[in-house]
């Protein structure tokens, strides 16, 4: 029986759920809006270069796969290393903005290195630690509450950060990056508040030895959960900030566009309530909403710039982002339901591998799709421009993958 969480433990878990996404937002993790704005407006990167920076995070895949074997007992140490690493990389981004004598080539190479290292840190140090700890030391109801409310709180703070980045100039953005670096250090004392896994018994040690070559029970149900996670990332709209700037809504305030994406995820997370038997149904309904939003985007067109169109676009961003968040939270809890003490790290790390690989591949391709959508300054040559078509195809693939997933009870 898992003991209830204390107030200090809840605060520690929520702090990591809220503030780690802020650090990643400046470093290209998940192609965050803050990274896109800084890379596009301050560092002068094109959509292809931004997509390349995020897409080359796929270099970390072999390390991510190997990380699935990291013992859960190393979680606290890995989180400390992770927090320090992210702080150092936020400072490196700030230095890039300060360095006025750097060539564009040097800046592009530096941004790519930072984005790849950030992805590596998240996948090898963070993904093998926090969710596996939640899976093995926290009951399902508390875990769903922490994941849901943590995402919601992260959304509130994230909206403020994106809006702030969108409204301040170069010096203000440098100050924000330095502040994020300080935040990474401030998180260090909270790690000791996170629960530690029970020490391995002789039985679990023997089990881990027997499963060294097969660290998780990779049955068909779990495989389809992972496939659906990958499809949900492809169907998401994380590169829309750059797409709006280059093609769809050039006059938009990019901070407002990014804030709408965060607001959708915030609303969905805040509204999430723990459930046992309706995870799959929630995911399917949300996937339909993503498809409907992608189709509606086509009918709004890109040849007008009235306030009504702007409000409609922001509304679609909120809906699509919220629906994507519901899909991911549902599938994450399904993965937790398959995890055991001996397999939690491998299952949840592979979940991150699939999600991050799909995102990196999606960004890499999306950079070129955005360029094709521009069509030399106009997307009118396409009945449905390539980027919009990718959103529709991604949502269809997600629905197809979810149709193969079986309902899963929480654990």
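The values are calculated or read from the model by the stated rules, or taken from the named source; none is laboratory data. Here the structure is a predicted model, which means the values were calculated and not measured. No Cβ is skipped: glycine too gets one built from the backbone with ideal geometry, and neighbour counts run over all protein chains shown.
Considering 348, 398, which residue is part of a helix (DSSP H, G or I), more than 15 Å from the chain's Cα centre (by Cα) and either free of Cβ contacts under 8 Å to residues at least 24 places away in the same chain or surrounded by 24 or more Cβ atoms within 10 Å (Cβ to Cβ) (or both)?
After ruling out the rest, the residue left standing is 398.
The rows are residues; the columns are (1) surrounded by fewer than 22 Cβ atoms within 10 Å (Cβ to Cβ); (2) closer than 30 Å to residue 197 by Cα.
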| position | (1), (2) |
| --- | --- |
| 23 | no, yes |
| 34 | no, no |
| 44 | yes, no |
| 59 | yes, no |
| 90 | no, no |
| 101 | yes, no |
| 114 | yes, no |
| 117 | yes, yes |
| 124 | no, yes |
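Quick one: would you say residue 166 is touching a helix residue (DSSP H, G or I) at 6+ places or on another chain (Cβ under 6 Å), modelled with pLDDT under 90, surrounded by fewer than 22 Cβ atoms within 10 Å (Cβ to Cβ) and over 24 Å from residue 353 (Cα atoms)?
yes
Residues to consider are 27, 23, 14, 45; find the one that is part of a helix (DSSP H, G or I), closer than 24 Å to residue 110 by Cβ and touching a helix residue (DSSP H, G or I) at 6+ places or on another chain (Cβ under 6 Å).
23
Could you please give the count of residues in the range 75-98 that are touching a residue at least 40 places away in the same chain (Cβ under 8 Å) and within 20 Å of residue 348 (Cα to Cα)?
Looking only at that region, the number is 8.
So if I check each of 43, 79, which one is modelled with pLDDT of 90 or more, over 25 Å from residue 151 (Cα atoms) and over 17 Å from the mean Cα position of the chain (by Cα)?
43
I'm checking my understanding of the structure. Among residues of the range 325-345 that are farther than 19 Å from residue 221 by Cβ and either more than 14 Å from the chain's Cα centre (by Cα) or at pLDDT below 85 (or both), which one is surrounded by the most Cβ atoms within 10 Å (Cβ to Cβ)?
Checked the range 325-345; the qualifying residue surrounded by the most Cβ atoms within 10 Å (Cβ to Cβ) is 345.
Every residue, every condition in (1) more than 13 Å from the chain's Cα centre (by Cα); (2) modelled with pLDDT of 85 or more; (3) closer than 19 Å to residue 368 by Cα; (4) crowded, with 23+ Cβ neighbours inside 10 Å, yes or no:
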residue: 10; (1), (2), (3), (4): yes, yes, no, no
residue: 13; (1), (2), (3), (4): yes, yes, no, yes
residue: 26; (1), (2), (3), (4): no, yes, no, yes
residue: 31; (1), (2), (3), (4): no, no, yes, yes
residue: 38; (1), (2), (3), (4): yes, yes, no, yes
residue: 47; (1), (2), (3), (4): yes, no, yes, yes
residue: 50; (1), (2), (3), (4): yes, no, yes, yes
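Can you report the number of residues in the range 199-225 which are at pLDDT 60 or above and closer than 28 Å to residue 354 by Cα?
So the answer is 8.
Scan the range 239-247 and give yes if some residue there is at pLDDT 85 or above, surrounded by 20 or more Cβ atoms within 10 Å (Cβ to Cβ), in a loop (DSSP other than H, G, I, E, B) and more than 21 Å from the chain's Cα centre (by Cα), otherwise no.
No, the range 239-247 contains no residue that is at pLDDT 85 or above, surrounded by 20 or more Cβ atoms within 10 Å (Cβ to Cβ), in a loop (DSSP other than H, G, I, E, B) and more than 21 Å from the chain's Cα centre (by Cα).
Residue 36 passes all but one of (1) out of contact with any helix residue (DSSP H, G or I) (no Cβ under 6 Å at 6 or more places or on another chain); (2) in a helix (DSSP H, G or I); (3) farther than 25 Å from residue 185 by Cβ; which number fails?
(1)
Check the range 352-373 and report whether any residue there is farther than 22 Å from residue 224 by Cβ and modelled with pLDDT of 90 or more.
Looking through the range 352-373, none of the residues is farther than 22 Å from residue 224 by Cβ and modelled with pLDDT of 90 or more.
So which residues in the range 290-312 are surrounded by 19 or more Cβ atoms within 10 Å (Cβ to Cβ) and at pLDDT 90 or above?
Scanning the range 290-312 gives 290, 291, 293, 294, 297.
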